[in-house]
Amino acid sequence: MPPLEEEQLFPSTPGKIKIERPAHHHPMNRGIHRCFASTFTMFLWALLLIALTASYLSIQSFVDSGGRYIHRPVPRHHVIIGGPHWEKQIRSSAQIHRPHGLSVLVTGAAGFVGSHVALALKKRGDGVVGVDNFNDYYDVSLKNARRALLETNNVFIVEGDINNVRVLAKLFDVVAFTHVLHLAAQAGVRYAMENPHSYVHSNIAGLVTLLEQCKSADPQPAVVWASSSSVYGLNEKAPFSESDRTDRPASLYAATKKAGEAITHTYNHIYGLSVTGLRFFTVYGPWGRPDMAYFSFTKNIRNGKPITIYRGKNRVDLARDFTYIDDIVKGCVAALDTSGKSTGSGGKKRGAAPYRIYNLGNTAPVTVPTMVSLLEKYLKKKAKKRVVTMLGNGDVPFTHANISLARRELGYKPETDLATGLKKFVDWYESYYVDDHGMPVNY
Ligand SMILES: NC(=O)c1ccc[n+]([C@@H]2O[C@H](COP(=O)([O-])OP(=O)(O)OC[C@H]3O[C@@H](n4cnc5c(N)ncnc54)[C@H](O)[C@@H]3O)[C@@H](O)[C@H]2O)c1
């Protein structure tokens with residue numbers, strides 16, 4: 001495969017540099033002048049070389065790291081993409097062990113949802129390969145621990161950014177993926193005010209790079225990807241249905257997910273890619289995301305530190321349709337199983353392909369103070385609460401999913417209520433972060 005980045009950076013014909021000659025030369029000066037001219041030429045070439053090297057290095061580090069404005073990926077070990085050993089690992093990970101099994105590329109496989117779904121697919125005999133850039137938006141050691149768990153189940157995660165065309169092309173060279181489960185994204189609502197470009201990088205540019213790869217693959221995979229309940233934005237009508245308006249996002253995160261729905265629609269329309277968008281509602285559970293409230297509250301309550309609880313206008317408590325990870329996993333797997341085929345090949349559409357969007361929620365919103373009192377009960381410790389009125393920080397007052405469509409078409413039926421799910425989370429938290437003597441580990 002050609003080294004794309006290098007070719008783009010170094011044009012085959014570098015610009016010519018014309019050295020001005022004075023109109024009249026004295027013969028005696030000619031030698032000196034020639035010498036000066038050639039020194040000057042060399043100096044200019046050296047300058048050009050330094051400039052090119054500097055720009056190459058900065059762009060190369062941009063390409064490799066997945067962008068200067070995203071968190072630096074922290075590699076566990078030096079990773080070489082390609083080569084017989086690498087390909088063998090990929091093939092073994094992608095091996096299907098059941099009749100009519102799927103072969104799935106899971107992006108964001110070292111993440112919370114990605115690691116759970118990858119494991120579930122592998123356990124039922126599907127072939128699974130992960131890709132993740134291991135960025136340090138939150139504790140990378142947790143991502144590495146998820147990776148280790150997946151590795152013991154023969155799921156291999158390639159360390160790479162979804163913006164890296166070469167990594168994606170190489171993966172599709174080695175495996176004819178039937179499905180792509182796209183979960184890699186810059187998550188988090190409030191953080192978008194701090195680092196907006198990381199959302200554009202992963203949720204927009206990365207999505208397009210991935211879809212470009214999928215559309216030109218032959219065979220084309222079906223794409224199932226994570227949108228978000230945040231697309232309902234400032235809507236007040238509850239519960240939220242898929243047919244409701246989604247044009248009033250309250251955060252840049254929500255706006256990038258909404259853009260993702262429009263972008264995937266285009267690829268479905270032009271190239272015949274089968275696309276299913278899943279609007280997840282506040283997913284929680286073991287191996288969860290440390291930046292989410294239920295997780296950080298657990299940590300702070302255990303450590304006797306204060307927690308900040310946001311409240312809406314008129315002192316109204318925020319409420320979330322908390323959805324347990326096992327229910328989300330079942331929804332993702334059902335979406336993959338029912339996705340229907342992409343119709344195009346090699347970038348050409350051959351007929352209409354499915355384009356679907358589903359809410360995956362729990363249909364039982366719970367207020368944040370109720371969630372906190374459950375944590376206090378399980379942790380046997382009172383929280384030090386600091387209640388703050390929400391100041392347009394990207395949060396919405398409530399979320400509530402109507403899941404009739406997913407129930408009807410995917411057989412989706414959430415089974416875990418918040419009390420049961422949070423207990424499982426706290427049990428996991430204590431087993432992961434606390435040793436037998438009650439001392440903190442894995443911090
Ligand atoms: N957890 C929730 O409550 C929730 C709710 C709605 C939507 N979602 C969506 O579900 C998906 C999974 O969320 P999660 O909670 O597991 O988040 P997560 O942050 O744990 O997982 C995302 C993973 O993607 C990786 N990643 C990010 N940018 C990447 C890039 N450019 N290239 C390669 N890898 C990259 C990260 O390293 C991370 O491991 C995301 O798309 C998220 O937006 C999650």
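Computed from the coordinates by the stated procedures, all read-outs in this text should not be read as laboratory data. Just so it is clear, the model here is predicted, and its values are computed rather than measured. No Cβ is skipped: glycine too gets one built from the backbone with ideal geometry, and neighbour counts run over all protein chains shown.
Phi angles across the range 291-305 convert, under the Karplus curve 6.51 cos²θ - 1.76 cosθ + 1.60 with θ = phi - 60°, into 3J(HN,Hα) values of 7, 8, 4, 4, 6, 5, 5, 4, 4, 5, 4, 4, 8, x, 9 Hz, Gly and Pro given as x. When the listed pairs LYS330/LYS381; LYS123/LYS382; LYS313/LYS413; LYS258/LYS348; LYS88/LYS341 are checked against a 31 Å cut-off, the alpha-carbon distance exceeds it for LYS330/LYS381; LYS123/LYS382; LYS313/LYS413. Please list, in order, the residues from the range 313-333 whose amide nitrogen is less than 20 Å from a point placed 7 Å along the Cα→Cβ vector of MET193. Backbone N within reach: 313-320. The aspartates and glutamates whose alpha-carbon is closer than 20 Å to the alpha-carbon of LYS143, local same-chain residues fewer than 8 away aside, are ASP64, ASP132, GLU151, GLU159, ASP161, ASP291, ASP326, ASP427, GLU430, ASP435. For the range 196-261, which GluC sites (Glu not before Pro) are in a loop by DSSP, counting at most 13 other Cβ atoms within 10 Å? Hits after loop and neighbour filter: GLU236. With neighbours defined as other Cβ atoms within 10 Å of a residue's Cβ, the residues TYR310, TYR267 order from fewest to most as TYR310, TYR267.
With neighbour counts taken as other beta-carbon atoms within 10 Å, the residues ARG320, ARG91 rank, fewest first, as ARG91, ARG320. Between ASP139 and GLU87, the modelled labels are 4.0 nm apart [label points 7 Å from Cα along Cα→Cβ].
With each label modelled as a point 7 angstrom along the Cα→C-beta vector, the GLU151-ASN442 pair spans 1.6 nm.
Grouping the Cα pair distances of the range 324-443 into 10 Å bins from zero gives a pair-distance distribution of 10, 26, 28, 21, 11, 4, 0 percent in increasing distance order.
Give me the net charge for the shell around LEU273: Cβ to Cβ below 15 angstrom, other residues only, Lys and Arg +1, Asp and Glu -1. Could the numbers behind the result be given before it?
Details: positive: LYS215, LYS341, LYS348, LYS349, ARG350, ARG356; negative: GLU212, ASP218, GLU261.
Net local charge, LEU273 excluded: +3.
Summarising the label geometry, the points placed 7 Å from Cα in the beta-carbon direction at ASP173 and ALA120 lie 3.4 nm from one another.
Using a 10 Å cut-off around each Cβ, can you sort HIS201, HIS85, HIS179 from fewest to most neighbouring Cβ atoms?
Working: HIS201 23, HIS85 9, HIS179 26.
Fewest to most other Cβ atoms nearby, the residues stand as HIS85, HIS201, HIS179.
Applying 1/(1 + (r/R0)^6) with R0 = 51 Å to the Cβ-Cβ distance of LYS377 and ILE96, what FRET efficiency is obtained, to the nearest 0.05? Numbers along the way, then the final one.
Values: r = 44 Å, r/R0 = 0.87.
Efficiency computed from Cβ-Cβ geometry: 0.70.
What is the calculated FRET efficiency for GLU409 to LYS385, with r their C-beta to C-beta distance and R₀ = 45 Å, to the nearest 0.05? It comes to 0.60.
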